[in-house]
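Below is one structure, written out as structure tokens; the observations come after it.
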């Protein structure tokens, strides 16, 4: 029974941390009323964490068998990163002179990175990544809006604004 609880704890902690940290990014997106919000970012982070945690567990079990089989975690990580790019790409919309969804797409990608870090038990990296992402989303949002207001006030501005502030 103790072994089962230890195994449960080993998988539960990274998943809980991934869900919590992904939820931090998602909460900001939710309060900004974006399509990909709290649940999406939590699930992306949980999913990425789950992929790498299961892969690590499988690799550890296979190494213990010493049957010559090996699993390349770097390939699994590469696949998850590519998958997050694909999912994020679906969030990007291009209109005549506007691009929407870039911030949402990169937020999804970052939530995936947070999940990977948690799955690898790199909690400090995951927390730092979350704090930096929230800093970009929250603090730089005001800077971007001020820059847009200034360019809107400048009549010589001829380039269409990049509306990627989703």
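The values are calculated or read from the model by the stated rules, or taken from the named source; none is laboratory data. These numbers come from a predicted model, not from an experiment. Every residue, glycine among them, receives a Cβ derived from its backbone with ideal geometry; neighbour counts consider all protein chains shown.
Summary table
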quantity: Residue in region 55-69 that is farthest from the chain's Cα centre (by Cα), counting only those that are in a helix (DSSP H, G or I) and exposed (fewer than 15 other Cβ atoms within 10 Å of the Cβ); calculated: 65
quantity: Residue match in region 23-41 (condition: touching a helix residue (DSSP H, G or I) at 6+ places or on another chain (Cβ under 8 Å), over 19 Å from residue 131 (Cβ atoms) and free of Cβ contacts under 8 Å to residues at least 40 places away in the same chain); calculated: yes
quantity: Enumeration of residues in region 122-156 that are in contact with a helix residue (DSSP H, G or I) (Cβ under 6 Å, 6 or more places away or on another chain) and either within 17 Å of residue 43 (Cβ to Cβ) or not in a helix (DSSP H, G or I) (or both); calculated: 126, 130, 133
quantity: Matching entry among 91, 111, 117 (being farther than 14 Å from residue 41 by Cβ, under 14 Å from the mean Cα position of the chain (by Cα), buried (at least 18 other Cβ atoms within 10 Å of the Cβ) and at pLDDT 80 or above); calculated: 117
quantity: Single residue of region 123-163 satisfying the filter (modelled with pLDDT under 75 and exposed (fewer than 10 other Cβ atoms within 10 Å of the Cβ)) that is nearest to residue 27 (Cα to Cα); calculated: 159
quantity: So residue 96, is it part of a loop (DSSP other than H, G, I, E, B), touching a helix residue (DSSP H, G or I) at 6+ places or on another chain (Cβ under 8 Å) and surrounded by fewer than 22 Cβ atoms within 10 Å (Cβ to Cβ); calculated: no
quantity: Flag if residue 97 is free of Cβ contacts under 8 Å to residues at least 12 places away in the same chain and farther than 17 Å from residue 15 by Cβ; calculated: no
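Yes or no, residue by residue, for (1) surrounded by 16 or more Cβ atoms within 10 Å (Cβ to Cβ); (2) assigned to a helix (DSSP H, G or I):
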| residue | (1), (2) |
| --- | --- |
| 47 | yes, yes |
| 53 | yes, yes |
| 71 | no, no |
| 86 | no, yes |
| 107 | yes, yes |
